[in-house]
Amino acid sequence: AEAVDESLWVVEPELAGELTGRAAHWCQQHGLVEAAIGYAMDAGDADLAARGVEQAAISVYRSGRLATVQQWFDWFDDHGLVQRYPAVAMLGAWTQALGGHAAAAERWADAAEQGSYAGVLPDGSPSIEGWRALLRAKLCRHGVAQMRADAELALTLIPVGSLWRAPAQLLSGIAHLLAGDHGVADRVLAEAVEVAQDSGATVAASVALAERALLAIGRRDWQA
């Protein structure tokens, strides 16, 4: 009996891991991305977990479930996998920046600049370079001129229809604003509002409208 109990103790975890892995792939194939992420992490399948996070992180964040997204990023961080997945690192840096966690955003951003990414990203971007340029513009670590260049590079690399187009347009407008090009900034920000409304990027739209309002106030154009 003791021998049987001991064998079950050894085999059952392996069987549980196999079943969890199968569940992760099944959920991924059937569009249950969040469930797939959870099962993949339980099974230790970092590749599958990364694909799921790349697909779902922004939509889950937009739905207000920041704690869920943070748990996903913590899993990669705790397992020392941040540098292995630059797209996940970019998303992590973006989220940390939005949350006001400057040190964490810097660390994740450095990881996002490392490594390579094979294949097309979930938004249709053909390479990781557009995401990296967008993140650099977001953090503005090398001055306003570089911020504008990074935002414009992101707009050339990120395809139309991507959820990242509106943030890229917004950051381009803010870069022109910081450089004192108020007329250009207002025009670019107006375009950002249109792109954001078309793609459902509510935060980007509201920020762009707020920046346009500040410009109008500066002109004492209260009607605008």
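Of the conditions (1) over 12 Å from the mean Cα position of the chain (by Cα); (2) within 19 Å of residue 110 (Cβ to Cβ), residue 53 satisfies every one except a single condition; which number is it?
Answer for residue 53: the failing condition is (1).
Kindly provide the set of residues from the stretch 110-119 that are open to solvent by 70 Å² or more (accessible area, probe 1.4 Å), under 21 Å from residue 47 (Cβ atoms) and under 15 Å from the mean Cα position of the chain (by Cα), ordered by number.
Residue satisfying the conditions is 113 alone.
So if I check each of 157, 139, 153, 91, which one is touching a helix residue (DSSP H, G or I) at 6+ places or on another chain (Cβ under 8 Å) and within 23 Å of residue 38 (Cβ to Cβ)?
Just a single option satisfies the conditions, and that option is 91.
Pairs, please: C-beta under 9 Å, at least 6 apart or cross-chain, first residue within 10 Å of residue 176 (Cα to Cα) and in the stretch 141-156, second at pLDDT below 95 and of a type in the set (D, E, K, R)?
147/141
The values are calculated or read from the model by the stated rules, or taken from the named source; none is laboratory data. Here the structure is a predicted model, which means the values were calculated and not measured. FYI the Cβ positions are ideal-geometry reconstructions off the backbone, even for glycines, and counts take in every protein chain you see. Ligands, DNA and RNA are excluded from the accessible area calculation, which covers all protein heavy atoms including side chains. Shrake-Rupley method; radii C 1.70, N 1.55, O 1.52, S 1.80 Å.
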